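In what follows, a single structure is set out as structure tokens and then discussed.
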Amino acid sequence: MTSHISWLDANTDENNRMRELVKLFSTPETIDDLGIGQIRDVISNSLFPGTSVLHAGARYLLLVPWAYLTAAAGTSQPDVLKSRAEKSERALIDRLGEISTTGFIGSSAGNKVRQLPSAAYWSALRRYEIVHPDIDRAGIAEAMCAARANSSSNENAETAAVWAPSLPQPPEGFPYTEENGLALTHAEASWLQERLLASCRGTLLAHFVVSRDPLAQNTTGPWQDPISHTADARTVQWVRDAELFSFVHNGANILYQHLLAELSAKNLPDSGITTETTNELLQEWETERDAKKHLLASWNVDAFLDRIREANPAIRGSTVDFARTMAAAAQTFSIPLADNPELRRAVEDRERLMKKANSRFRNHQRLRAWAPPERGVAALTYRWAQVRRTVRDIHDGLALGPEHAHA
């Protein structure tokens, strides 16, 4: 049976969450077999508000508004503006390919791509107040036309009423004259830096953006970059929480794979599956636990979960309880994770709760379709790859110097 996911284009936030969900299913580090996505997202949003796994470069925060602003010229009809804006976004995709840009949205599918850059970036545009926070993508054309109609003396009224008044204006002939691709000029980087500082003050994202030090190379999580430990105390606490929760969840996820290997070896002898691989992963985790022992021992898990629930009161109690069980097992240094009866039971119960009839512990076909991990079990990184790209884009633009403000 083929499975389909569909949605209406009526609510950009809901659409974006669905698109992220689809991408998460294809991203090994974020496959959520144990149902902790709510906690992961609270941490991600606390550290890096407005970010998304769909992001592909900071300059889209300018390119998307420019597509709408150029589309608005000479029309007061929302349907015309909307159609022109989509055409502009698709023409931008063609133009980025022409100038040999890499890693842009649509680089593989071309201008026929289903998800336009505006869909991926609209939540960020609202969060950073580049577009008015109350305006959804579905209503932007109507809002721009209404703003112009209400101010007949100002041709650019839609900029002041809908978009940030200081938003840099699109180059003449955009997008067909675009030359910089996803590389920010100094002026553009300075403007984005100011926008993120104004809208995300007190977060790790703002701290990274304003830092004069370059990001460290080859980091897999924000806590591995020394800059993250020079932020204010509240932010540093979130960094510590992120690191430890990633670690304890990774352990529980490895144990989940190990339990499936045990079950397969017992019930599917013809599969050839053994626990050799998962035993190795568990041992690697135990070695890392020894290295993190002092951090784990001092981690106030109850305070961490209180912060999580304060940020999102809608988080289910069962999710919080499972997180507490994971942390308690990691802090029980006298018992190897694989031998911890409470965690073994909790992992199986959690997977059954989340997947119900599709649980691999109760569905023979689902178990038979499972295969042991070949390259380890990736840990949570909280959109770090996308955040690192955004920060580096801004830093690179700032490094050009004011003389390259309009390069």
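Distance between the 7 Å Cα→Cβ label points at Ser107 and Asp339: 4.8 nm.
Sorted into 20 angstrom bins from 0, the C-alpha pair distances of the chain split as 24, 50, 24, 2 percent.
For the chain, the longest principal axis of the Cα atoms and the long axis of helix 186-199 meet at an angle of about 60 degrees. Of the accessible area of the chain, computed with a 1.4 Å probe over protein heavy atoms only, carbon and sulfur atoms account for 49 percent. At a probe radius of 1.4 angstrom, the accessible area of the chain per residue rounds to 48 square angstrom.
As a ratio to 2.2 N^0.38 Å, the alpha-carbon radius of gyration for region 29-110 is 1.45. Within the same chain, lysines fewer than 8 places from Lys355 are excluded, and of the rest, those with a Cα less than 24 Å from its Cα are Lys23, Lys266. Dipole size of the chain about its Cα centre, with +1 on Lys/Arg Cβ and -1 on Asp/Glu Cβ: approximately 820 debye, rounded to the nearest 20. Dividing the summed helix terms, -39500 (n - 2.57) for each DSSP H run of n ≥ 4, by the number of residues in the chain produces a 222 nm estimate of -17500 deg cm²/dmol to the nearest 500.
The values are calculated or read from the model by the stated rules, or taken from the named source; none is laboratory data. Everything numeric in this text was worked out from a predicted model, so none of it was measured. With ideal geometry, Cβ positions are generated from the backbone for all residues, glycine too; neighbour counts draw on all protein chains shown. Accessible surface areas use protein heavy atoms only, side chains included; no ligands, DNA or RNA. Shrake-Rupley method; radii C 1.70, N 1.55, O 1.52, S 1.80 Å.
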